[in-house]
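Undergrad: This is the structure, below, for whatever I ask next.
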Amino acid sequence: MTEQEQNASAANPPEHIIDISGLVKSFGDNVVLDGIDMSVSRGEVVVLIGPSGCGKSTLLRCLNGLEPIQGGSISLHGEPVVYGSKSLYKIRQKIGMVFQSYDLFPHLTVLKNIMLSPIKVQKRSKEDTEKEAMELLERVGLADKAKSYPSELSGGQKQRVAICRSLIMNPEIMLLDEITAALDPEMVHEVLNVVLDLAKNGTTMMIVTHEMAFAEAVADRIIFLDGGSIIEQGVPSEFFKRPQTERAERFLKTFTYSK
Amino acid sequence: MGNNFLRLLSGLWVTVRISLISIAFSLVLGTLLGAVMTSKNKVVKVICRVYLEIVRIMPQLVWLFIVFFGVTRLTGANFGGETSAVIVFTIWGAAEMGDLVRGAFQAIPKHQFESSLSLGLTKPQMYLNIIFPQALRNLLPNVINLATRMIKTTALVSIIGITEVLKVGKQIIDANRFEFPNAAIWVYAAIFFMYFLICFPLSMISRAIVKKQQRSE
Ligand SMILES: Nc1ncnc2c1ncn2[C@@H]1O[C@H](COP(=O)(O)OP(=O)(O)OP(=O)(O)O)[C@@H](O)[C@H]1O
Ligand SMILES: [Mg+2]
């Protein structure tokens with residue numbers, strides 16, 4: 001950062017896209033998230049890591065109102081995200097979400113998959129939408145697949161299309177939940193490169209991943225979640241080299257092998 | 001000869017009439033029933049399940065007797081043969097159709113609903129653009145299959161005195177037993193052809209739909 005930039009950011013504290021405070025989420029007696037406080041600033045890439053079942057997916061799902069919450073609050077740009085509320089439809093347009101499972105609509109072509117919500121939800125013109133959809137496909141290297149059906153694509157291609165489908169809504173933030181977990185290793189790369197490219201272009205993202213090398217490369221901040229709370233957070237270079245907590249250290253050890 | 005053919009045709013018309021009316025009722029009632037069957041309410045689920053199982057376990061023949069003789073005896077309401085037949089086939093068809101509709105909806109993965117909502121679609125938009133089209137694709141071949149089964153099963157109605165195509169055929173054979181001992185073969189061949197002409201196009205349509213869908217599955 002230059003001195004000028006530093007001054008600028010001191011004058012205007014970074015604008016928060018997402019604010020979470022005291023979030024409690026439980027399924028019956030099972031308290032999955034137990035008082036989460038965090039926020040994500042514009043342009044920031046936050047990577048959530050933690051052992052399986054610690055509630056990473058649940059946290060992302062709460063953020064766009066797919067799950068009711070039992071305590072605390074979530075807001076997007078100061079607007080509260082409330083499960084089941086009318087305003088949710090508006091808010092969801094500003095949150096792009098890509099899941100682990102391939103979730104393209106099987107009865108629509110790639111192009112129609114991408115064009116559906118800008119046309120139906122944002123009432124944009126067909127020409128305008130199609131043009132932007134093709135540009136996005138071009139950007140992820142899939143322009144030639146526009147007329148294909150999802151069943152004719154590889155897993156990696158499907159996930160790249162799913163990213164385009166979210167991006168075309170021009171979201172304030174992208175939530176990516178283990179989008180490469182179901183992919184063959186050689187396809188992981190092509191998808192993660194697209195995500196790295198988004199990060200470089202300043203897209204605000206919250207990413208859940210088990211790919212530690214990728215997390216280190218893409219993140220501005222790592223958040224380590226365990227037992228329903230944020231155990232530790234920090235910049236990737238610090239976190240991966242010198243985890244502050246014993247739990248984080250133990251978790252990171254599960255990714256290395258020694259004989 | 002020509003006269004016999006006309007008689008067969010009018011018998012066929014009875015078959016077709018009963019089937020069409022029953023199928024139409026079954027589609028409408030079955031779709032409603034299917035919507036009810038996807039309910040999360042346990043009691044509703046169990047009631048629907050019991051209904052479906054009872055209808056399935058009892059042969060249609062027994063149902064025909066129950067409605068035609070039993071209900072008439074008990075209530076004094078006198079259903080004609082055709083009305084009884086339509087009632088029985090609708091009770092059966094609606095149950096099967098309901099189960100097909102339920103299955104078609106439940107076969108749609110949860111993430112199809114969630115990703116629709118995440119894109120900002122409203123529930124009506126989601127059902128209209130994402131869920132119904134997928135359910136329908138799943139449903140169509142099965143519905144055609146059910147319709148074919150219903151058409152074939154109407155042959156049972158001769159039991160309660162309705163003169164449908166098979167009954168006409170038997171009458172023609174009996175009437176000509178001495179003059180044309182081989183009439184049976186010809187009459188049954190003609191009936192076979194008639195059923196074939198109705199059911200074959202249906203199964204062709206169903207196959208074409210499945211084939212067309214394979215690309216976008
Ligand atoms: N719909 C649900 N009903 C009941 N319990 C649930 C539900 N969804 C998740 N859970 C529970 O919540 C906890 C957190 O699940 P979640 O999927 O958020 O974990 P995760 O951190 O994403 O794990 P993974 O790394 O395996 O994806 C788990 O104990 C899980 O069993
Ligand atoms: Mg998960």
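The values are calculated or read from the model by the stated rules, or taken from the named source; none is laboratory data. All figures in this text were calculated on a predicted structure; none of them were measured in a lab. For neighbour counting, all protein chains shown are included, and Cβ atoms are generated from backbone atoms with ideal geometry for every residue, glycine included. For the accessible areas, the whole protein counts, side chains as well, though only heavy atoms, and no ligand, DNA or RNA atoms are used. Shrake-Rupley method; radii C 1.70, N 1.55, O 1.52, S 1.80 Å.
Undergrad: Can you tell me which residue within the range A:9-34, out of those that are within 16 Å of ligand 1 (Cβ to nearest atom) and open to solvent by less than 30 Å² (accessible area, probe 1.4 Å), is farthest from the chain's Cα centre (by Cα)?
TA: Residue satisfying both the conditions and the ranking: A:S26.
Undergrad: Turning to a different aspect of this structure: Could you give me the residue pairs with C-beta distances under 8 Å whose first residue belongs to the range A:245-259 and is closer than 15 Å to A:S52 by Cβ and in contact (Cβ under 8 Å) with a residue 24 or more places away in the chain, whose second residue is among the aliphatic types (A, V, I, L, M) and part of a helix (DSSP H, G or I) wherever it lies, and which are 6+ apart or on separate chains?
TA: A:L252/A:M212; A:F255/A:M212
Undergrad: Find the helices (runs of 4 or more DSSP H) located wholly in the range B:65-170 whose residues include 3 or more that are open to solvent by 20 Å² or more (accessible area, probe 1.4 Å) and away from chain A (no Cβ under 14 Å), and list them.
TA: Values: elements: B:72-75, B:81-106, B:110-118, B:123-126, B:132-153.
Filter on the range B:65-170 gives B:72-75, B:81-106, B:132-153.
Undergrad: Now a separate question. Based on this model, can you work out whether A:I222 counts as of a type in the set (V, I, T), open to solvent by 30 Å² or more (accessible area, probe 1.4 Å) and closer than 11 Å to A:G50 by Cβ?
TA: No; evaluated as a whole, the condition is false for this residue.
Undergrad: Any residue at all in the range B:34-52 that's surrounded by fewer than 12 Cβ atoms within 10 Å (Cβ to Cβ), out of contact with any Lys or Arg (no Cβ under 9 Å at 6 or more places or on another chain) and in a loop (DSSP other than H, G, I, E, B)? Don't jump to the end; show me each part of the working.
TA: Just the residues of the range B:34-52 that are surrounded by fewer than 12 Cβ atoms within 10 Å (Cβ to Cβ), to begin with: B:40-43, B:46, B:50.
Of the ones still in play, those that are also out of contact with any Lys or Arg (no Cβ under 9 Å at 6 or more places or on another chain) are B:40-43, B:46, B:50.
Narrowing further to those that are in a loop (DSSP other than H, G, I, E, B): B:40-41.
Checked against the condition, which is being surrounded by fewer than 12 Cβ atoms within 10 Å (Cβ to Cβ), out of contact with any Lys or Arg (no Cβ under 9 Å at 6 or more places or on another chain) and in a loop (DSSP other than H, G, I, E, B), the range B:34-52 yields at least one hit.
Undergrad: Sticking with this structure for a sec: Are any residues in the range A:9-25 in a strand (DSSP E or B) and over 24 Å from B:Q112 (Cα atoms), and if so, which ones?
TA: A:H16, A:I17, A:I18, A:D19, A:I20, A:S21, A:G22, A:L23, A:V24
Undergrad: Then there is this: Which residues, taken from the range B:8-33, are of a type in the set (V, I, T) and open to solvent by 80 Å² or more (accessible area, probe 1.4 Å)?
TA: Hit for the range B:8-33 is B:V28, nothing else.
Undergrad: Further question on the same structure: Look through the range A:134-186, keep the residues that are aliphatic (A, V, I, L, M) and open to solvent by 40 Å² or more (accessible area, probe 1.4 Å), and return whichever of them is farthest from ligand 1 (Cβ to nearest atom).
TA: A:M134
Undergrad: Then there is this: Got at least one residue in the range A:122-140 being facing chain B (nearest Cβ under 8 Å) and among the hydrophobic types (A, V, I, L, M, F, W, C)?
TA: No: the range A:122-140 contains no residue that is facing chain B (nearest Cβ under 8 Å) and among the hydrophobic types (A, V, I, L, M, F, W, C).
Undergrad: Based on this model, can you work out whether B:I108 counts as farther than 29 Å from B:L64 by Cβ and out of contact with any Pro (no Cβ under 8 Å at 6 or more places or on another chain)?
TA: The answer is yes for B:I108.
Undergrad: Here's something else I'd like to know. Identify, by number, the condition in (1) open to solvent by less than 10 Å² (accessible area, probe 1.4 Å); (2) in contact with an Asp or Glu (Cβ under 8 Å, 6 or more places away or on another chain); (3) within 16 Å of ligand 1 (Cβ to nearest atom) that A:I49 doesn't meet.
TA: Going through the list (1) open to solvent by less than 10 Å² (accessible area, probe 1.4 Å); (2) in contact with an Asp or Glu (Cβ under 8 Å, 6 or more places away or on another chain); (3) within 16 Å of ligand 1 (Cβ to nearest atom), A:I49 breaks only (2).
Undergrad: Taking the condition in contact with a helix residue (DSSP H, G or I) (Cβ under 6 Å, 6 or more places away or on another chain), among the polar types (S, T, N, Q) and in a helix (DSSP H, G or I), does B:S203 pass?
TA: no
Undergrad: May I ask you to list the residues in the range A:52-69 that are near ligand 1 (Cβ under 9 Å from one of its atoms), more than 14 Å from every other protein chain (Cβ to nearest Cβ) and touching a residue at least 24 places away in the same chain (Cβ under 8 Å)?
TA: Of everything in the range A:52-69, those that are near ligand 1 (Cβ under 9 Å from one of its atoms), more than 14 Å from every other protein chain (Cβ to nearest Cβ) and touching a residue at least 24 places away in the same chain (Cβ under 8 Å) turn out to be A:C54, A:G55, A:K56, A:L59.
Undergrad: For the subset of the range A:74-116 comprising residues that are open to solvent by 20 Å² or more (accessible area, probe 1.4 Å) and touching a Pro at 6+ places or on another chain (Cβ under 6 Å), which member is farthest from the other protein chains (Cβ to nearest Cβ)?
TA: Here the answer is A:Y83.
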